[in-house]
1. Hey, does the stretch 444-452 have a residue that's more than 23 Å from ALA373 (Cβ to Cβ), modelled with pLDDT of 95 or more and not in a helix (DSSP H, G or I)?
2. Which of the strands (runs of 3 or more DSSP E) contained wholly in the stretch 193-280 include at least 1 residues that are within 16 Å of ligand 2 (Cβ to nearest atom) and at pLDDT below 90?
3. Of the numbered conditions (1) away from ligand 1 (no atom under 13 Å from the Cβ); (2) in contact with a strand residue (DSSP E or B) (Cβ under 7 Å, 6 or more places away or on another chain), GLU318 satisfies every one except a single condition; which is it?
4. Test THR167 against the stated conditions and say whether it is in a loop (DSSP other than H, G, I, E, B), over 23 Å from VAL218 (Cβ atoms) and β-branched (Val, Ile, Thr).
5. Going through the stretch 477-501 one residue at a time, which ones are away from ligand 2 (no atom under 16 Å from the Cβ) and acidic (Asp, Glu)?
6. If you take the residues in the stretch 258-303 that are over 20 Å from the mean Cα position of the chain (by Cα) and under 14 Å from ARG371 (Cβ atoms), which one is nearest to ligand 1 (Cβ to nearest atom)?
7. Just to be sure I understand the filter: pairs with C-beta atoms under 6 Å, separated by 6 or more residues or on different chains, first member in the stretch 252-269 and of a type in the set (S, T, N, Q), second member within 12 Å of ligand 1 (Cβ to nearest atom). Which pairs pass?
8. Confirm whether CYS113 is modelled with pLDDT of 90 or more and within 16 Å of ligand 2 (Cβ to nearest atom).
Amino acid sequence: MYASPSSSSSSKSIRFFGGESVRSLKANSKRLPRYAAALTAARFSARGTTIEEDEEKEEQMKDLRIDQKGIVSDAGVYETKEEKMFLKNAIQLKGGKNAFILGIETSCDDTACAIVTKSGHVVSEAIKSQVSIHENWGGVVPTLAKEAHQNAIDDVVEECLRKAGVTDVGEQVSAVAVTVGPGLSMCLRVGVRKAQKISGEYGIPIVPVHHMEAHCLVARVKEEEWNANSEEEEEEENGGVAKFPFVALLVSGGHNVLLKVEGVGRYTILGQTLDDAIGEAYDKTARLLGLPVGGGGGPALEKLAKEYEEIVLEPRREQCRKETEQEAHITDEVFEKIVRKKVKNPIRFTVPLRKRKTCDFSFAGLKTNVRLAIEKHLGAVVDESKPEQKVLPSENWDGIENRETRAAIAHAFQTAAVTHLEDRVSRALEWVESDGVSPTCLVVAGGVASNQKIRKKLLQIGANHSIDVVFPKPSWCTDNGVMVAWAGIERLNLALGVEKPVPRASEAFAKDEKDRDVQVRLKPRWPLGEMDERAIGEVKSSKVSKMARPLGSE
Ligand code: KG4
Ligand code: ZN
C-alpha cells in the first residue's frame, strides 16, 4: 500500500545538528542551487518579506548553524524568531515538503507510530493494540499497559521505519513528534523516552503533542497515497479536508468533548462530559448485556440495536405507513411515536441533560437506566462493584425472548445516547455561529465515530447547518501514530513549542531504565483549551489537581 521512497538527493549528505555536516553545507552551498531555491521559497512563502530582510536573517541563520554545539548541548524550546527560522529552514533543507516526521503515541492502550511527510502524506504506519490484554479487566490497567508499551515500542517504531524505507534516521527523519499528554503518565513516559532516545541519537528535534489536538487535526490529513516522486510538484497548501475554523466532536472510550477549533493551538471547549465518555457507556452496556466486548463493546451493541430496528421496528413502520398514508402532515417524530405504540412493553430511556441548555454531556444516568432495565426485564442482578462482569451469560444468547429484550435495551440505550449527541452538537454549532464564526465543517473523531447511526444523524445536522461533516477514516479516528505525526507537523510549520534535540550525553542514554528519565515535560492532565463562558460543566474535583495550563495559554 505504501510507496517506497526513492532516495531523494535533497535528503542526502546533510545533517543539521552535527558540526561536520554544517561545514559540508557551507562548503557546498554554491553547488546546491536547489537548497538555495528552497530557502528563498521558504522565506517568501512563510513571511512575505523583502530580500534585504531575508538576507539579514540568513546571516543570523549562519551564526546559528555555526553555533551548532550550543544548540545541541543546550536543550530547550526553539524560542526566538531566529531559532524558529533556523528550525524551519533546517526541515525545509532536509527534505522539503517530503521531509519525514515520525509520530509516536503511547498515551493509553495503543502503541502506535507513523511517518508522515511535511506536506501531509502518510508514508507508513504501525500499531500494536492492547485490547486482548485489558478486555477481561473492564478497563485499561495502567501497569499492564505500561509493560505492554515497553514490550512493543521498539518493534513498532522499527516496523514503521522499515515500511517507509528509512535506513538512516539521522539523514531521513526531520523531527519526532510524541504525545506528552493527556493520558496515563506511566504510558506517556514510554513514548517520550523513545522519542528522546531517537532525538539524542540522531540530533533531531522533538515536537511535544497534545493527544486531543492530534485527534482534531488528523481531519486535515490527505487520505491519498504518498508518492515519493511528486517532489517537483507545486508546493500545496498544508491541510487536507478540514479547513479552519471548524467544530470538532471527539467521542471515544476516554474522550467526550465538543470544541471550537480556530487554528493550531486555538481551541475553546464548548462542552465535555460531566462523568463518563460515550464509548465507556457503550462498553459497559454491551458487557452487561453479555455481548462480545473484544475491541470495545460499541460495534456489538450497535449491531444488536440494528437488529431490533430491522426485526421489531421496521415491520411495524411498514404497517404504520399504510395506516397513516392519508395523513401527509405527520412529522417523523410523531410517526416514530405511533410506531413505538405498536411495540409491546417498549423500553425507552430519558435523553440526558435535556433541561441543561449547554453543550455538556452525561452518560452516567443512562448506564443506571440500563442496569435497572436489565434487572427489571431480565431478572439479572448487577453488582456495580464488578465493572468487568457480564451480567447475562452469552450462552443464553439464542433464547428468543431474552434476545429481543436485550436488543430492546441496546436500542433504547443507543437512541437516547445518539439523541444526546445530536442535541449537544446542534447547540454547539448554534453557539459558534452566534459568535460570528462560520465553521467550515463539523469534524467527528474517536472510536465511536464509526457508529453508522451516529454518522447518519450527524450528517443530517451538518446538512441543517449547510456544512460538511468530516469523519477521518476509522483507523485515524481511534488512537494512531498518524495523528501525532501530523499534529507535530502543524506545530513545526508554525514553530510552536518545538524542543531542541536532547543532548546526546543525557540520561536518555542511561543504561538503567530508571535513570533514563524524561526531559520533555509530561502533562497527564492537560486541558486542550479554555472553557467557553457558556459552558458550566464542572470536572470531578480530583481531576483538577495537577492540571497543566491549557494548551495555547502557555
Ligand atoms: O478511540 P478509541 O479506539 O479508544 C479510546 O477510547 O481512546 O475508541 C474506542 C471506543 C470504545 O469504547 C468502543 O466501544 C467505541 O469506541 N466504539 C464504538 C463503535 N466502534 C467503537 N461505539 C459505538 N459504536 C461503534 N460502532
Ligand atoms: Zn484518543
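1. Yes: one or more hits.
2. none
3. (2)
4. yes
5. Matches in the stretch 477-501: GLU490, GLU499.
6. In this case the residue turns out to be ALA286.
7. Listed pairs, sorted by first residue: SER252/GLY279; SER252/GLY446; SER252/GLY447; SER252/VAL448; ASN256/ALA277; ASN256/ILE278.
8. yes
The values are calculated or read from the model by the stated rules, or taken from the named source; none is laboratory data. Keep in mind the model is a prediction, meaning the values are calculated, not measured. Cβ sites come from the backbone with ideal geometry, for glycine too, and all protein chains shown count toward neighbours.
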